[in-house]
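Before I ask anything, let me first share the structure, which is written out below as structure tokens.
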Amino acid sequence: MRTLLPAQALLLFVALALAAGCAPSRVDEVRDDRETADGSRNFADSIDDQRLRGRIIGHILNDRELQDRSHINVTVFNGVVLLTGEVRSREPGRGLARFAESQDGVQRVHNELVVADLSSVMARSRDNVMQSSARTRIRMLREPEGFDHRRVVVRAERRRLYLLGSVTREEADAITESVRRISGVREVVRLFDYRD
């Protein structure tokens, strides 16, 4: 019997991850007024997001309770903060969300932290493959005309795809449709700021 080489196994894993599945979606609608006339992000906002993310991560690194048996991802786009991952009890996660909300430049905080055991390496790997697959599909979108994939950020956590960014409703629908069939995706959560 022939065994798979590591590269072949990885290729097979990625191919299976791209296979079609189906997932429901959740929508959180907000209007965005922070963009340039053509809908692109300005450079200063990008730098502000990086600084904001750094302050939140710094808070995590300085909080022993958040460091102990927690797995937290911080995603920021145009001042919208998404917290995902696992914490060992509810209060540290709520405290982190309150800290994030108190920061200058924060428009909104989506606290999607769950009280649970830490996710396995395999589960995180699966999420990373789903996230990469979603990014690739979004980059390949050609419709609607004028769509710019750089206005969208994807985070995968616990088989959910979180979509942040600034898009039209038509673009949001096209993005959701393109990623919801990625194998393993249980749900697509739309946290977009709508330009129309």
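The values are calculated or read from the model by the stated rules, or taken from the named source; none is laboratory data. What you see is a predicted model, and the numbers here were worked out from it, not measured in a lab. Using ideal geometry, Cβ is built from the backbone for each residue, glycine included, and neighbour counts are taken over all protein chains shown.
When residues of segment 161-194 are filtered for being of a type in the set (Gly, Ala, Ser) and without any contact (Cβ under 8 Å) to a residue 12 or more places away in the chain, how many remain?
Within segment 161-194, residues that are of a type in the set (Gly, Ala, Ser) and without any contact (Cβ under 8 Å) to a residue 12 or more places away in the chain number 0.
A further question on this structure: Condition test on Asp127, is it surrounded by fewer than 16 Cβ atoms within 10 Å (Cβ to Cβ) and of a type outside the set (A, V, I, L, M)?
When the stated conditions are applied, Asp127 does not pass them.
Step by step: first the residues of segment 100-131, then only those that are charged (D, E, K, R) and part of a helix (DSSP H, G or I), then the one that is nearest to Tyr162 (Cα to Cα). Which residue is that?
Asp127
Pick out the one residue from Ser166, Ser183, Ser120, Ser132 that is under 14 Å from the mean Cα position of the chain (by Cα), polar (S, T, N, Q), surrounded by fewer than 20 Cβ atoms within 10 Å (Cβ to Cβ) and modelled with pLDDT of 90 or more.
It is Ser132.
Quick test for you: out of Val87, Val81, pick the one residue that is among the β-branched types (Val, Ile, Thr), in contact (Cβ under 8 Å) with a residue 12 or more places away in the chain and under 20 Å from Gly165 (Cβ atoms).
Val81
Report yes if Gly93 is of a type outside the set (A, V, I, L, M) and either in a helix (DSSP H, G or I) or at pLDDT 95 or above (or both), otherwise no.
yes
Given the conditions (1) closer than 28 Å to Asp45 by Cβ; (2) among the β-branched types (Val, Ile, Thr); (3) touching a residue at least 60 places away in the same chain (Cβ under 8 Å), which single one is not true for Val152?
Of everything listed in (1) closer than 28 Å to Asp45 by Cβ; (2) among the β-branched types (Val, Ile, Thr); (3) touching a residue at least 60 places away in the same chain (Cβ under 8 Å), Val152 misses just condition (3).
Identify, from the list Val74, Val80, Val109, Val87, the residue that is under 24 Å from Val189 (Cα atoms) and touching a Ser or Thr at 6+ places or on another chain (Cβ under 7 Å).
Result: Val87 is the single residue among Val74, Val80, Val109, Val87 that is under 24 Å from Val189 (Cα atoms) and touching a Ser or Thr at 6+ places or on another chain (Cβ under 7 Å).
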